[in-house]
Each structure stands twice: as C-alpha cells, then as structure tokens.
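Each remark here refers to the structure printed beneath this line.
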Amino acid sequence: MSTDAIVLLREDHKEIRRLFREFQSANTPARKAAAVRRILPALATYRQREDECMYPQVRSLLPELDRDVLENSEEHHVAEVLCAELATMKPDDERFTAKTTVLIETVTRHITDEEQDWFPQVRKGLGRKQLQDIGARMITLRKNGSGKKKPRTTPTNGAAPKDAAPKQDVVDLLIQQHNQIRDLFLEVETATGKAKHQAFQQLVRLLAVHETAEEQAVHPVARLHLDGGGAIVDARLAEEHQAKQTLAALEEMGPDAPEFPRLLDDLRVSVLEHASHEEAYEFRYLRRDVPAAELRALVKVVKAAEAVAPTHPHPGIESATANTLAGPALSLFDRTKDLVHNTIHRGKR
Ligand SMILES: [Fe+2]
Ligand SMILES: [Fe+2]
Ligand SMILES: [Fe+2]
C-alpha cells in the first residue's frame, strides 16, 4: 500500500464521492438517512488526516502556499459545522435533504479544487520522500485516533505557538466527551452484530460517566455562580432524566430489535440537543463567571468518574444501593454516582 499522502487523500476523496452518490441515488428517507450516517464519520476522518498531518506540514515547508492552506482549512470548518448540524437533525426534518445537498456541493468543490490545483503544487514543492513521511503519519493517526474528533485548531506553520497551551479545564473535557458521544452514536448506528452490542455498551458507560460528572461537579457550581443558575440546571436535569428513560427502553429491547434504530435516533437527537444547550446556556457562562482555577480543579472529578465507572452493565459488589430494578443501564448510572461520590469524599478526608 502506498504511503504517499496525496495518494491517501485521493483515496479518501474517492470514498467520499462514492458515499455522496449513495445519498443522491437513495430513493427513500431511510436510505438517505443511512447514507448520511456513513458520510459523517468518513468526512470526520478525512478532515482529521488533512488538518493534523498535511496542512501543518505544508505550512511549515511551503510558506508560499500559506493562503491556500488557510482557505482549505476554513472550507473544512464549514463542512464540519454542517456535519454537526446534520448529526442533531432528524431525517424527516424539512431541511435534512437541503443541508446534506449543500454539504455535498461544498465538499465536492473543495476536493475537486484540491485535486486540480493544490495537490500538483504540493507534490512539486515537497517531493516523494516528504509526502511519504506525511502519509505514514496519516496511517498512524488512523490506527491510533480512529477518526475521533479533536477540537478545531488553525493549522500552525510548524513554529511553536506564541502562548503555551492553556491547561485543560472541565469545560474542555466535557466538550471533548460530547464529541466522543456523537462519534459513538454513529458507531452504534453503523456497526453490526457483536460490534454493535459492544459499541452500545460503550455508549451507555460514557453517558453514565459524563452525566454523573456533570451532576456532581458542574451543575452545583453553575447553580451557585450563574445568574438564574437554578433554572438553567433544572432544565438540563430534566433533559438528562428524559434521556435516561429512553436509554433504559433501548436497553430493554436490545440492539437487534426492529424498533432499536428509530429509538436510538430519538436518543441521539435529544442527547446532542441537550449537549448543545449545555454548551450554549451553561458552559459558556461558567467560563465567564467561575474562576479559571476552580474550573481546572473540577477536571479531577470527571477523571475520577472515568476511572471508577463500572465497565459492565450488571451490578457487582461495588454498590449496595444501586437501583438494579430499573434495569442494567440505569443501575450503571447509579453505581457510577455512588463510586464517584465515595471517591470525592475519600479525597476530602
Ligand atoms: Fe481537504
Ligand atoms: Fe448533561
Ligand atoms: Fe454534557
């Protein structure tokens, strides 16, 4: 297999065009929705390979192409915004097809320009050896990163950033988990057989970790510091409660049930809407109203939740109070909550 970066990116372009044709020839809403579910992760992986491996190297080695790289990166960003909106949209939304069509037109224009104008200039400027090195990095990224989304960054030109990277705070970490949750929904939707069951269990665990950490660490701080914090948090808790009920219903029917895809889609839309409400109405104001040191200190509660959350849905000996009657998924939430609570209080003693 070639490791030439341009060959690899052309292969990505080819696969993306194939998926676009799949959407265009789909003659039912369900087929269109299925095509979009395949398009979104393919585009995420492609963008990551180019944003993290190709663009920074080209900026560093071929400064004369700087303007092109920045424009290409902005085009990726436009596609990313459309993809994020599509991920939270139901297929029967009147804008679903229109938005996908705009995404397809935007990306097609972008990849055609790269192939016709940009790749030839990059090949001429970098040569074979450097393109192979970049390609090898893309392959490693694919193996290690599995296309998981990272926060958007402007491609650097290889120089050290002016400001050292600020230490991660709890908002960074929770937004990162929102992105992981979005990716896992796609994985559950597109996987089959045993892999689908495993992806669903991973999703249940991540939701338990994430919502528990928010409940124990973030919502109380928002309640205390934010103007109207009580109402903001109550609205988020109501959304979380609703999502837990849908999750329990999904678990009861199991990933092989005929109704599973529809209900999973309902859950995906409500969880992603909930996440965007948190980011818009809660996290934004936490950054404005809560001391940065306090937000950084809360990172350890999220990490504690990640570390102690049970890895399997069935209760063991770790919790005597878990509500096992509510089903394994909700019991996993309860057990995570108990374990995080114990961990925090042990830390205070
Ligand atoms: Fe691109
Ligand atoms: Fe939440
Ligand atoms: Fe959240």
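The values are calculated or read from the model by the stated rules, or taken from the named source; none is laboratory data. As the structure is a prediction and not an experimental result, all values here were calculated from the model. Heads up, the Cβs are rebuilt from the backbone with ideal geometry, glycines too, and the neighbour counts pull from every protein chain shown.
Structure notes:
- Pick from region 222-232, criterion part of a helix (DSSP H, G or I) and more than 19 Å from Q177 (Cα to Cα), ranking: nearest to ligand 3 (Cβ to nearest atom): I232
- Hey, A5 within 16 Å of ligand 1 (Cβ to nearest atom), touching a residue at least 60 places away in the same chain (Cβ under 8 Å) and under 19 Å from V81 (Cα atoms) or not: no
- Top-ranked residue in region 79-92 [being within 16 Å of ligand 1 (Cβ to nearest atom) and farther than 16 Å from T112 by Cα; ranked as surrounded by the fewest Cβ atoms within 10 Å (Cβ to Cβ)]: V81
- Qualifying residue in region 107-116 (condition: modelled with pLDDT of 90 or more, in the same structural domain as V36 (by TED's automatic domain parsing) and farther than 20 Å from R21 by Cα): yes
- Qualifying residue in region 125-142 (condition: surrounded by fewer than 14 Cβ atoms within 10 Å (Cβ to Cβ), at pLDDT below 90 and in a loop (DSSP other than H, G, I, E, B)): no
- Residue check for A275: of a type outside the set (V, I, T), touching a helix residue (DSSP H, G or I) at 6+ places or on another chain (Cβ under 6 Å) and either buried (at least 22 other Cβ atoms within 10 Å of the Cβ) or at negative phi (or both): yes
- Cross-chain or 6+ apart pairs with Cβ under 9 Å, region 221-241 first and closer than 21 Å to R287 by Cβ, then in a loop (DSSP other than H, G, I, E, B): V221/V290; V221/L298; A222/V290; L224/V290; H225/V290; L226/V290; I232/L226; V233/L226
- Any hit, region 169-181, residues being within 16 Å of ligand 2 (Cβ to nearest atom) and touching a His at 6+ places or on another chain (Cβ under 6 Å): yes
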